[in-house]
Amino acid sequence: MAAKPEIAIVGAGNLGSALARALHGAGYRISEIVYRGGRGQRTRQLAAQVNSRAVALPQAHWHADLVWLCVPDSQIAICARELAKVADWREKIALHPSGALASDELQPLRRRGAAVASAHPLMTFVRRSSPGLAGVPFAIEGDAAAVRVARRMARDLEGEAFSVRRRDKALYHAWGAFASPLLIALLASAEQVAMAAGVRSPAAARQRMLPILRQTLRNYGALGPADAFSGPLVRGDVATVRRHLRALKKIPAAKQVYVALARAALETLPVRNREELEKALRTISPPRR
């Protein structure tokens with residue numbers, strides 16, 4: 001296969017769009033961007049940006065050497081079964097970018113002669129932001145030939161390729177969930193607490209949190225979690241923790257988040273007065289079901 005194989009992309013969602021732009025910027029030719037269902041307009045806009053063509057699935061040519069199936073996780077296996085019937089897959093590479101699912105989702109294409117792999121960029125993709133992929137780690141597993149191509153592609157995108165075992169994909173993806181969507185959930189809870197404390201709006205809360213968030217992330221990256229950890233838990237300040245818990249009674253959901261994270265800190269981070277802190281946290285009723 002050529003050093004930079006010709007690529008077809010199925011799906012123009014947030015991840016597929018970012019991938020298309022990054023691949024185009026790295027000198028890859030994207031022969032077609034294939035849409036299923038009602039995404040024609042968005043696909044045409046993306047195709048114009050990357051000098052490609054947008055095409056509905058029944059009209060796709062499938063001349064590309066490599067096909068990225070950038071569809072929702074629940075659709076990968078379904079899409080693979082559909083595509084297995086419409087093209088000659090011998091000597092082709094098929095990839096999907098799911099973090100949670102293994103390359104076996106592409107088994108219908110493997111049976112038709114394709115080498116398959118999963119290659120997941122450990123990055124967040126949302127509608128109103130399009131991050132580049134330089135510096136982004138790619139978790140890769142699958143058939144040897146497809147893995148080689150995926151690793152080379154990650155390097156061309158100035159990313160970092162690393163291996164993940166099939167059986168570890170769910171845990172790998174949960175790791176990513178802690179790093180982004182669950183972090184956003186935590187920050188949304190922090191906004192609720194800020195509003196209860198008198199901050200006038202969520203936007204004001206976000207702006208006032210940004211300096212401490214940025215420094216916390218810098219500390220975490222440079223020092224690791226133990227040396228980046230601060231506040232009443234690391235000091236063993238039981239009285240302050242109790243005050244927090246009393247004040248948070250008016251925001252039950254945020255209180256449960258606080259307790260869960262505090263308990264996690266007692267398990268994984270250096271704290272003083274551990275037994276007294278554990279006792280304070282045990283007084284909290286479990287969430288209602």
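By the equivalent-ellipsoid construction on the alpha carbon gyration tensor, the stretch 7-167 comes out with semi-axes of 20, 20, 14 Å, ordered largest to smallest.
Over the stretch 142-206, the Kirkwood radius and the radius of gyration, each from Cα atoms, give a ratio Rg/Rh of 1.28.
When Cα extents along the principal axes in Å is computed from the coordinates, the matching label among (i) 68, 39, 38; (ii) 87, 44, 36; (iii) 58, 41, 34 is (i). Among SER129, SER230, a tally of other beta-carbon atoms within 10 Å of each Cβ gives an order, fewest to most, of SER129, SER230. Taking the number of Cβ atoms within 10 Å of each Cβ as an exposure proxy, the fewest-first ranking of HIS63, HIS244, HIS120 is HIS63, HIS244, HIS120. The label-point distance for GLN207 and ARG42, in a model that sets each label 7 Å from Cα toward Cβ, rounds to 3.1 nm.
Take the Cα radius of gyration of the stretch 180-282 and divide it by 2.2 N^0.38 Å, N being the number of residues; the result is 1.10. Helical runs assigned H by DSSP (4 residues or longer) give the chain a calculated mean residue ellipticity at 222 nm of -15500 deg cm²/dmol, each run adding -39500 (n - 2.57) before division by the residue total.
Of the residues VAL71, ALA144, ALA194, the one whose Cα sits farthest towards the positive end of the charge dipole of the chain is ALA194 (charges of +1 on Lys and Arg Cβ, -1 on Asp and Glu Cβ, taken about the Cα centre).
Using C-alpha pairs under 8 Å with a sequence gap of at least 6, the mean separation divided by the residue count of the chain gives a relative contact order of 11 percent. Summing +1 for each Lys or Arg and -1 for each Asp or Glu among the other residues whose beta-carbon sits under 10 angstrom from that of HIS96 gives -2.
Taking the DSSP beta bridges with both ends in the chain, the antiparallel portion is around 20 percent. On full extension, the segment bounded by LEU183 and ALA2 gains 61.1 nm, given 0.36 nm per residue less the C-alpha separation.
Fewest-first ordering of TRP89, TRP68, TRP62 by other beta carbons within 10 Å of each residue's beta carbon gives TRP62, TRP89, TRP68.
All of the numbers you see were taken from the coordinates with simple rules; none came from a lab. Just so it is clear, the structure is predicted and the values come from calculations on it, not from any experiment. All Cβ positions, glycine included, derive from the backbone under ideal geometry; neighbour counts span all protein chains shown.
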